[in-house]
């Protein structure tokens, strides 16, 4: 027993050292992971961390897209334990903590792949080889920018591993693995993991137990699933099939990277890297006859991974139900494909490299091959100095960031022709923007933005193309940022000139909260509702505030008495009945009250909350909570109790079976 523990510790240490060597650049202070890691995941993590530091639940992000649901967005991964630990650590060293979180999950994936190979009765060096190929190979090396993909990788392996455990443990361990995979935040990747697990279960002849584990996982994840389904129903995500004509599979050219790691083409570079080392590929091919079931599984996963790159994939995509077509991206099957290849290579090593020294030599060779081929590549490592963004100020300038904060004030900023990170990073500088990038952006908010831009209803990012239109006031805009030097658009003036950028300020900005004569907005509300419900709705026609002169909004005063993520307190004063119009998005869960008495709010200007207030001075409050979350938490709590029972029975059943074998 002591000898086995020493061997396992040695194997774990070797794999961890290989991972740290591979990611040495990212873990240094001068480099980080490029693209979505900082542009998408870091702002979400910042919003999560800030909510906890403010003593609130991370239900709502008030900074991006005029405000948006946070917990309901799966990629915020609020329920994932690793993300929760990073958020609890706060803003200090947030980016570094996220990098270590990513690398720790790569290490964990390698360790679990090692355990899976050992469950397949493979020798020590072969099991280490499997862990190295999975954790240093194509998927993990190229997908680091998608943090959710890496966080889910260990739980894919854990799902396969559960099927090689004794029957009593399978359901419980599989349920935990799938639930954690879903909590990691990439739903398409979780579906791919689930499909691969069902294929392995069919091979292992334990499909009923796998289905039971999947059902229990759904119940465990209900606290995330129910709010996320509500968000999808109110977001542009429901229109994904409007533009998604195929399943987004890996291009056929990517297969060339299995034999040569430097493939280039007219594709995202993360879609052109499947390299598993020359040694690993040769061993996997050699094992195809020795482990035919694994070989068939790898071939099937490869075909699915290619998606619409093949005629079969295109046909399958057209046959998928709409809700699956909106969710599935075939390329995510590259993760289980890499796992299958890693296990095949381990079988090949076990069969051909019988001497331990040969097996360990192959491990060293594979680690060197994969590190030389994949470490420090454009798709996983980038100098921070080449794109400072919000590191040390706005594009490295604390003065520019301070100026933007001063200009924007309590209003919002936006871009008319500039970089996406300027708006996706709004939570990092605690400034409100009317823009952002999110495949789950609120549908009505996108419709409101289409009053100042051209595009389709499924778009996730539209810059301000027509800043002279009155619709910018509905969005609460005060500041616009654009590249170069241009004359100011109508209604705007040049406020600042930064190197390569011009900052414009609204000449007569409207506040985010204003009173209008009740008849003005009330007359527009029915037309807005009719417009939104029409099957012939054209987004470009959504400018219902167009033509309202700024002066028509002045009919009383609104003072902000308190404003936090989930609670807004206003004091209104008007000589007669007025309509409180806000630039705050309407979404289920927001409730309103006047002087402590609940009142219904209504849609105003397509996307925002408004309500009628009586004459005189009044206290108006808006409060946000999530009924779907509350229901989901009860279901998840019940599922945890069921899980405890399942695992307890599994443990006692395994002990009884072991006792029978001994007797």
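The values are calculated or read from the model by the stated rules, or taken from the named source; none is laboratory data. Model, not experiment: these values are computed from the prediction. All Cβ positions, glycine included, derive from the backbone under ideal geometry; neighbour counts span all protein chains shown.
Data for the structure
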| quantity | calculated |
| --- | --- |
| Residue 293 vs. criteria in the same structural domain as residue 125 (by TED's automatic domain parsing), surrounded by fewer than 22 Cβ atoms within 10 Å (Cβ to Cβ) and outside any loop (DSSP other than H, G, I, E, B) | yes |
| Some residue of the stretch 320-330 being under 30 Å from residue 627 (Cα atoms), buried (at least 22 other Cβ atoms within 10 Å of the Cβ) and touching a helix residue (DSSP H, G or I) at 6+ places or on another chain (Cβ under 7 Å) | yes |
| Number of the condition not met by residue 188 [criteria: (1) at pLDDT 95 or above; (2) under 16 Å from the mean Cα position of the chain (by Cα); (3) within 23 Å of residue 223 (Cβ to Cβ)] | (1) |
| Residue in the stretch 408-418 that is touching a helix residue (DSSP H, G or I) at 6+ places or on another chain (Cβ under 6 Å) and closer than 23 Å to residue 238 by Cα present | no |
| Options 445, 431, 407; residue that is touching a residue at least 40 places away in the same chain (Cβ under 8 Å), over 22 Å from residue 34 (Cβ atoms) and not in a helix (DSSP H, G or I) | 431 |
| Sole residue being assigned by TED's automatic domain parsing to the domain that holds residue 276 and surrounded by fewer than 24 Cβ atoms within 10 Å (Cβ to Cβ), chosen from 139, 155, 160, 111 | 111 |
| Output for the stretch 582-606, where each listed residue is part of a loop (DSSP other than H, G, I, E, B), touching a helix residue (DSSP H, G or I) at 6+ places or on another chain (Cβ under 9 Å) and modelled with pLDDT of 95 or more | 586, 587, 588, 589 |
